[in-house]
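*Asks:* Once you've had a glance at the structure underneath, I'll fire off some questions.
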Amino acid sequence: MHPKYMRIERSAYLFGLRKIQAGMRRVPLLAMLQAIEDDPLDWQAYMYAIDILLSMGRKDEASALAQRVVALYPHLFETRRALGLAQLRCGRLRDAVMHLRVAVRIDPSSEAALQLLWEAEAKMRNLSRSRQKQMLINARYSQSQKDKSRLQRIDGLSSSGKGSAVTGSLHSDAAVRLL
């Protein structure tokens with residue numbers, strides 16, 4: 001890369017960081033995207049852009065950008081952590097856990113990656129528990145509906161006269177026993 005372009009890229013970083021510190025998000029995002037366009041192999045520009053997109057609530061775009069950088073640098077801790085975080089924010093818990101586990105394998109001393117992994121696994125467990133509870137509730141509801149329909153059929157039989165014939169025969173059996 002030509003040194004002239006390196007200065008432009010570095011100035012884009014600095015410009016973007018100043019704007020982020022000032023509370024602006026759109027301008028730094030444009031600066032980071034310009035830095036990525038200038039050097040498509042610059043993983044740091046991707047990381048800044050992903051963080052900015054996540055802070056703006058544009059989770060799907062952050063996830064797509066993170067997938068792109070992981071394809072370029074699959075063995076880099078930061079890329080895997082960023083993709084895991086983006087997937088976690090999008091609600092894709094299995095993918096998040098997978099990428100965060102890889103990140104923790106790459107750098108087991110990273111507390112941030114461990115916390116994200118624990119968060120993703122806890123959400124998966126809670127989701128699993130809530131699905132189990134929902135299945136149990138659905139099963140109980142369907143059983144109660146079956147019970148209600150059985151009771152309605154029994155009530156329908158008794159009101160139509162068929163039930164009274166049964167009770168009448170019971171009364172006559174009791175009368176025969178008394179005699």
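*Asks:* For the range 87-113, how many residues meet the condition of being out of contact with any helix residue (DSSP H, G or I) (no Cβ under 6 Å at 6 or more places or on another chain), assigned to a helix (DSSP H, G or I) and under 22 Å from residue 127 (Cα atoms)?
*Replies:* Total meeting the criteria: 3.
*Asks:* So, residue 144, is that one within 22 Å of the chain's Cα centre (by Cα), at negative phi and modelled with pLDDT under 85 or not?
*Replies:* Values: within 22 Å of the chain's Cα centre (by Cα): no; at negative phi: yes; modelled with pLDDT under 85: yes.
When the stated conditions are applied, residue 144 does not pass them.
*Asks:* Being at pLDDT below 85 and either over 26 Å from residue 116 (Cα atoms) or hydroxyl-bearing (Ser, Thr, Tyr) (or both) narrows it down to one of 35, 45, so name that one. Walk me through it before giving the result.
*Replies:* Values: 45 fails: either over 26 Å from residue 116 (Cα atoms) or hydroxyl-bearing (Ser, Thr, Tyr) (or both).
Residue meeting the stated conditions: 35.
*Asks:* Just one of 104, 97, 70 is under 30 Å from residue 30 (Cβ atoms) and β-branched (Val, Ile, Thr); which is it? Full working, then the answer.
*Replies:* Values: 104 fails: under 30 Å from residue 30 (Cβ atoms); 97 fails: under 30 Å from residue 30 (Cβ atoms).
Exactly one residue qualifies, and that residue is 70.
*Asks:* Residue pairs, Cβ under 9 Å, 6 or more apart or interchain, first in the range 50-63 and within 10 Å of residue 89 (Cβ to Cβ), second of a type in the set (Gly, Ala, Ser) and surrounded by fewer than 18 Cβ atoms within 10 Å (Cβ to Cβ). List them.
*Replies:* 59/91
*Asks:* Is it the case that the range 92-110 has a residue that's more than 24 Å from residue 52 (Cα to Cα) and either in contact with a Ser or Thr (Cβ under 7 Å, 6 or more places away or on another chain) or at pLDDT below 90 (or both)? Spell out the reasoning first.
*Replies:* Of the residues in the range 92-110, the ones more than 24 Å from residue 52 (Cα to Cα) are 105-106, 108-109.
If we keep only those that are either in contact with a Ser or Thr (Cβ under 7 Å, 6 or more places away or on another chain) or at pLDDT below 90 (or both) as well, we get 108-109.
Yes: the range 92-110 contains one or more residues that are more than 24 Å from residue 52 (Cα to Cα) and either in contact with a Ser or Thr (Cβ under 7 Å, 6 or more places away or on another chain) or at pLDDT below 90 (or both).
*Asks:* So, one more: Is it the case that the range 147-155 has a residue that's of a type in the set (S, T, N, Q), surrounded by fewer than 11 Cβ atoms within 10 Å (Cβ to Cβ), within 30 Å of residue 86 (Cα to Cα) and at pLDDT below 85?
*Replies:* If we filter the range 147-155 for residues that are of a type in the set (S, T, N, Q), which is where we start, we get 149, 152.
Subset that is surrounded by fewer than 11 Cβ atoms within 10 Å (Cβ to Cβ): 149, 152.
Keeping just the survivors that are within 30 Å of residue 86 (Cα to Cα) gives none.
Scanning the range 147-155, I find no residue that is of a type in the set (S, T, N, Q), surrounded by fewer than 11 Cβ atoms within 10 Å (Cβ to Cβ), within 30 Å of residue 86 (Cα to Cα) and at pLDDT below 85, so the answer is no.
*Asks:* Can you confirm whether residue 127 is part of a helix (DSSP H, G or I), at pLDDT below 90 and touching a Lys or Arg at 6+ places or on another chain (Cβ under 9 Å)? Give the derivation first.
*Replies:* Numbers: part of a helix (DSSP H, G or I): yes; at pLDDT below 90: yes; touching a Lys or Arg at 6+ places or on another chain (Cβ under 9 Å): no.
No: the conditions fail for residue 127.
*Asks:* Then there's this: Here's a check for you: in the range 50-86, which residue that is assigned to a helix (DSSP H, G or I) and among the hydroxyl-bearing types (Ser, Thr, Tyr) is nearest to the chain's Cα centre (by Cα)? Spell out how you get there, then give the answer.
*Replies:* Of all residues in the range 50-86, those assigned to a helix (DSSP H, G or I) come to 50-55, 59-72, 77-86.
Still in the list and also among the hydroxyl-bearing types (Ser, Thr, Tyr): 55, 63, 79.
On the way: 55: 17, 63: 13, 79: 19 Å.
For the range 50-86, the residue satisfying everything is 63.
The values are calculated or read from the model by the stated rules, or taken from the named source; none is laboratory data. None of these values were measured; they are calculated from a predicted model. Note: ideal-geometry Cβ built from the backbone for every residue, glycine included; neighbour counts use all protein chains shown.
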